[in-house]
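Asks: Sharing a structure, written as structure tokens. Questions coming.
The values are calculated or read from the model by the stated rules, or taken from the named source; none is laboratory data. This one's a predicted model, so the numbers in the text were calculated from it and none came from an experiment. Every residue, glycine among them, receives a Cβ derived from its backbone with ideal geometry; neighbour counts consider all protein chains shown.
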Amino acid sequence: MTFVPEKNILQTFILYKDGNTQEQKSQLPLLRSYIFVNENQLIGKILKKEYAKPFLSYILQHLPKTLQWLDINKLPISHEQEKLNLISFFLIHSHFQDEWLWYWNFIGIEEIKETITTHEEGLEWILAQQTKKSVKKALYQTYEKQKTQEYFPKTDAIFCRIFTDENFLVPLLQLPKKHYLFQKFEFSLVLQVLEFLQNYYTQKELYKLFCDALVSKEPYDFFQDIFRMFHTYNDNTEELFRIYTTHFTRVRANVQAIHDEIARINRRYINQDFRSDVDVFEPFVYKEEIKKSFVSTMEHLEFRLPKNADELYKWANTLQNCMASYVHIIREQKIYIVGVFSDNKLLYALELELYSLIQAKGKYNKQIPDNDMDVIHQWLKACKKMK
């Protein structure tokens, strides 16, 4: 028997001068095999570690002039692959001159990237016109505490542009998990919504809304829905806010109460005026894994997917909730709605991401009785098993 060696390229990694990267892997089964020594690692992962180290060493010795300032050892990063990602980041943002900006998450606030070169400049941009020492101190202290973690400048920038009273602004800047409040939405849209709400609610009431939204899942979901309903038709924002301003009635300063008032306007006026861009009878398209694993009945309850926007609008009117605003997000296949029926009567609506339950509500967003909620959880388990 003669063994003939064969040369194969198993992995390639390219880092371009503009910061973009390209990685290709061989489809050979070898890369999906394990080496059963030490930590039983995949061969593919071992190879990645092997090429990352010499590649990083070479790049650090041949940094372009735009990155001569970079001291990669200044940050608490040990993995070579993460260091390569860092270099890629600063090649893309070549005007940056500060290693600490590596930890900044600019999602939803892209405009700040063009106006700063260091994290100090970034913090000044966040403060906007805030000059009070207590506010500056709160921002800098909270930033320092999480400096080596991911930092979300969007939330702090929003707070500093909406609040003028330091009695509310300082504790907001110190609020744990504050970045969850607006993480799914664009900076400019959030400001527009909050400026709209300022016409009806005091800073003290808005402060309480933000705090309440982080207490538990239910008020948080209502809070997110408020912004999502404004976000649905962002191609015609001016007209959208005109309709809300015309029809909004001040309700109590409560997350669910404001949510329900926005949902009322959304059902009665927004969908009616904006339906021109929606073919209400165009069928919704669902992922194959959802269709294949969908269980239609469980005990006394029946589960249905809405066929199209027209059916979804009718469900929203029946339950008096905000799901009429979900048409575009369903079409993007990010989430989907399930109607829960009994004796052909719509009782509840579920919001899901695959088979992870986001919200489950009855008419007027009321809680679902425990016995039916138990059946819904059984249904979810049955669907997951079918995947």
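Asks: For the stretch 291-300, give me each residue that is surrounded by 15 or more Cβ atoms within 10 Å (Cβ to Cβ) and farther than 23 Å from Lys345 by Cα.
Replies: Ser293
Asks: Which condition number in (1) touching a His at 6+ places or on another chain (Cβ under 6 Å); (2) farther than 14 Å from Asn254 by Cα is the one that Asp225 fails?
Replies: Going through the list (1) touching a His at 6+ places or on another chain (Cβ under 6 Å); (2) farther than 14 Å from Asn254 by Cα, Asp225 breaks only (2).
Asks: To continue, here is another question. Could you please find all residues in the stretch 361-372 being of a type outside the set (S, T, N, Q), exposed (fewer than 13 other Cβ atoms within 10 Å of the Cβ) and under 22 Å from Val255 (Cβ atoms)?
Replies: Matches in the stretch 361-372: Tyr364, Lys366.
Asks: Looking only at the stretch 83-101, count how many residues are more than 24 Å from Gln174 (Cβ to Cβ) and under 26 Å from the mean Cα position of the chain (by Cα).
Replies: Of the residues in that region, 13 qualify.
Asks: So Ser88 fits all but one of (1) surrounded by 18 or more Cβ atoms within 10 Å (Cβ to Cβ); (2) in contact with a strand residue (DSSP E or B) (Cβ under 6 Å, 6 or more places away or on another chain); what number is the exception?
Replies: That leaves (1) as the condition not met.
Asks: Let me ask something additional. Which one of these is surrounded by fewer than 16 Cβ atoms within 10 Å (Cβ to Cβ), touching a residue at least 60 places away in the same chain (Cβ under 8 Å), in a helix (DSSP H, G or I) and of a type in the set (Asp, Glu): Glu144, Glu111?
Replies: Details: Glu144 fails: touching a residue at least 60 places away in the same chain (Cβ under 8 Å).
Testing whether each residue is surrounded by fewer than 16 Cβ atoms within 10 Å (Cβ to Cβ), touching a residue at least 60 places away in the same chain (Cβ under 8 Å), in a helix (DSSP H, G or I) and of a type in the set (Asp, Glu) leaves just Glu111.
Here is a yes/no grid of residues against (1) out of contact with any Gly (no Cβ under 9 Å at 6 or more places or on another chain); (2) assigned to a loop (DSSP other than H, G, I, E, B); (3) under 24 Å from Glu50 (Cβ atoms):
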{"site": "Leu86", "(1), (2), (3)": "yes, no, yes"}
{"site": "Gln97", "(1), (2), (3)": "yes, yes, no"}
{"site": "Ile126", "(1), (2), (3)": "yes, no, no"}
{"site": "Lys136", "(1), (2), (3)": "yes, no, no"}
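Asks: Further, regarding this structure: Would you please name the residue that is modelled with the highest pLDDT, looking only at residues in the stretch 346-387 that are among the hydroxyl-bearing types (Ser, Thr, Tyr) and under 17 Å from Glu218 (Cβ atoms)?
Replies: Filtering the stretch 346-387 for residues among the hydroxyl-bearing types (Ser, Thr, Tyr) gives 348, 355-356, 364.
From what is left, the residues that are under 17 Å from Glu218 (Cβ atoms) are 348, 356, 364.
Details: Tyr348: 94, Ser356: 85, Tyr364: 85.
It comes out as Tyr348.
Asks: Could you look through the stretch 334-360, keep only residues that are surrounded by 15 or more Cβ atoms within 10 Å (Cβ to Cβ) and in a loop (DSSP other than H, G, I, E, B), and pick out the one that is nearest to the chain's Cα centre (by Cα)?
Replies: Of everything passing the filter in the stretch 334-360, Ile335 is nearest to the chain's Cα centre (by Cα).
Asks: It is to be established whether one or more residues within the stretch 235-250 are of a type in the set (A, V, I, L, M, F, W, C) and more than 24 Å from the chain's Cα centre (by Cα). Give the derivation first.
Replies: Here is the first cut: in the stretch 235-250, the residues of a type in the set (A, V, I, L, M, F, W, C) are 240-241, 243, 248.
Right, trim to more than 24 Å from the chain's Cα centre (by Cα) and you get 243, 248.
Yes - at least one qualifying residue is present in the stretch 235-250.
Asks: Among the residues of the stretch 320-333, are any part of a strand (DSSP E or B) and without any contact (Cβ under 8 Å) to a residue 40 or more places away in the chain?
Replies: Checking the stretch 320-333: not a single residue is part of a strand (DSSP E or B) and without any contact (Cβ under 8 Å) to a residue 40 or more places away in the chain.
To keep it simple, each residue is scored yes or no on (1) within 25 Å of Ile77 (Cα to Cα); (2) modelled with pLDDT of 95 or more.
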| residue | (1), (2) |
| --- | --- |
| Lys137 | no, yes |
| Lys145 | yes, no |
| Gln149 | yes, no |
| Pro153 | yes, yes |
| Asp156 | no, yes |
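Asks: Pairs under 9 Å by beta carbon, first residue among the hydrophobic types (A, V, I, L, M, F, W, C) in the stretch 368-387, partner in a helix (DSSP H, G or I), six or more apart or different chains?
Replies: Short answer, once both residue conditions are applied: Ile368/Ile376; Ala382/Ser293; Cys383/Ile290; Cys383/Ser293; Met386/Lys292; Met386/Ser293.
Asks: Being touching a residue at least 60 places away in the same chain (Cβ under 8 Å), crowded, with 18+ Cβ neighbours inside 10 Å, within 18 Å of Gln192 (Cα to Cα) and out of contact with any Cys (no Cβ under 7 Å at 6 or more places or on another chain) is true for just one of Ile226, Ile243, Ile258. Which residue is that?
Replies: Numbers: Ile226 fails: touching a residue at least 60 places away in the same chain (Cβ under 8 Å); Ile243 fails: touching a residue at least 60 places away in the same chain (Cβ under 8 Å).
On inspection, the qualifying residue turns out to be Ile258.
Asks: If you scan the stretch 272-291, which residues turn out to be modelled with pLDDT under 85, assigned to a loop (DSSP other than H, G, I, E, B) and more than 17 Å from Asn317 (Cα to Cα)?
Replies: Val278, Asp279
Asks: Might you let me know whether the stretch 295-309 holds any residue that is closer than 24 Å to Tyr220 by Cα and either in contact with a strand residue (DSSP E or B) (Cβ under 7 Å, 6 or more places away or on another chain) or touching a residue at least 12 places away in the same chain (Cβ under 8 Å) (or both)?
Replies: Checked against the condition, which is being closer than 24 Å to Tyr220 by Cα and either in contact with a strand residue (DSSP E or B) (Cβ under 7 Å, 6 or more places away or on another chain) or touching a residue at least 12 places away in the same chain (Cβ under 8 Å) (or both), the stretch 295-309 yields no hits at all.
Asks: Under 9 Å between Cβ atoms, at least 6 apart or on separate chains: pull out the pairs that start in the stretch 1-24 with a residue that is charged (D, E, K, R) and end on any residue that is in a strand (DSSP E or B) and at pLDDT below 90.
Replies: Listed by first residue and then by second, the contacts come to Glu23/Gln11; Glu23/Thr12; Glu23/Phe13; Glu23/Ile14.
Asks: I need every pair where a residue in the stretch 147-170 that is surrounded by fewer than 23 Cβ atoms within 10 Å (Cβ to Cβ) has its Cβ under 7 Å from the Cβ of a residue that is among the charged types (D, E, K, R) and assigned to a helix (DSSP H, G or I), sequence separation at least 6 or different chains.
Replies: Phe168/Lys204
Asks: Could you tell me which residue of the stretch 152-175 is nearest to Leu197 (Cα to Cα), considering only residues that are β-branched (Val, Ile, Thr) and in a helix (DSSP H, G or I)?
Replies: Ile162
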